[in-house]
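Peer 1: One structure coming up, written as structure tokens, with questions to follow.
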Amino acid sequence: MNDLYRPRISEGETLERLGPYFFVQRKTGQRLTGDTVELAGFAAPSLHENDSIIDIGTGTGAIPLILAWKSGAGKITGVEIDGEAAGTAKKNVRANSLSGRIDIMNRDFRVLRECFPEGAFTAVISNPPYGKAGAGRISPERERAAARTEVHGGLADLVSISAYLTGRKGRVFYVFPTARLKEMLSELGNAGFRPTRLRFLAEKEGRAPRLFLIEAGREKGMEIEQSNGRD
């Protein structure tokens, strides 16, 4: 991109590149992780121009930017509960002239039934908090705490709203810890989803995978993909 359009940043922000796009992050907020990049790359090949996507817990908008870059998805909505993170996400959308394709909402995902009709989207994508509320240490940084621990709704809430937003034909894409795979499969089943694709993510070759990527929809059958070692 032409540096003539480089966005202005404050002392509390950093400016980087995310593919062809400028990407602003907050120094004290939740930073972009490899898990988020892996999730977006997992979903992107399956998304097309007629798809309408919603990213729950979008943070500063990395997944919408990656999907705009790597997929043909026509409309992408990012939802973020943290006002400062949502503001930065909107800044990223404007800086890259993507306002006609990406919309950012500052909302708690648990109230999205009040914002959209059932089946409003063809796919939900989310990198939710991995830690259960009340388990383990919570970060003193508000945004990081919300990104890492289920302080604003748990897995059951996420799957339930995903089922509502995608209706009878939509799909979901998540990344989650392998330690909670059984819980994920149970919640998906309760909501009427069937896993269609599963990929484990290992930190390095030979190590047990810490995370998994999953796609689920309303159709039968599941493909288990080869574990992806990350150096």
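Peer 1: Give me the percent of DSSP beta bridges within the chain that run antiparallel, rounded to the nearest 5.
Peer 2: Expressed as a percentage, antiparallel bridges in the chain total about 45.
Peer 1: Right, another one. Taking the Cβ of Glu223 as the centre, find all other residues whose Cβ is under 10 Å away and add up their charges (Lys, Arg: +1; Asp, Glu: -1).
Peer 2: In short, 0.
Peer 1: Longer than 31 Å from Cα to Cα, which of Lys91/Lys220; Lys132/Lys169; Lys91/Lys204 are they? Say none if no pair is.
Peer 2: Lys91/Lys220; Lys91/Lys204
Peer 1: So, counting K/R as plus one and D/E as minus one, what does the shell of residues with Cβ under 14 Å around Ser162 add up to?
Peer 2: So the surrounding residues net to +2.
Peer 1: Quick one: angle between helix 155-166 and the longest Cα principal axis of the chain, in degrees between 0 and 90, rounded to 10, please.
Peer 2: 80 degrees
Peer 1: At 1.567 mPa s and 4 °C, plugging the Kirkwood radius over alpha-carbon pairs of the chain into Stokes-Einstein gives what diffusion coefficient in µm²/s?
Peer 2: Result for D is 72 µm²/s.
Peer 1: At a 10 angstrom cut-off on C-beta neighbours, averaged per residue, how do the peptides 56-65, 88-97 rank from highest to lowest?
Peer 2: 56-65, 88-97
Peer 1: Just to confirm my numbers, what's the Cα centroid distance between the stretch 83-112 and the stretch 149-197 in Å?
Peer 2: So the two Cα centres are separated by 23 Å.
Peer 1: Moving to a separate point now. Under unit Cβ charges (Lys, Arg +1; Asp, Glu -1), what dipole magnitude, rounded to 20 debye, does the chain have relative to its Cα centre?
Peer 2: Magnitude of the dipole: close to 80 debye.
Peer 1: Can you tell me the relative contact order of the chain? Whole percent, Cα pairs under 8 Å, sequence separation 6 or more.
Peer 2: 15 percent
Values in this text are rule-based calculations from the coordinates and carry no lab data. Bear in mind that the values here come from a model prediction, so they are computed numbers and not experimental data. Backbone-built Cβ (ideal geometry, glycine too); neighbour counts: all protein chains shown.
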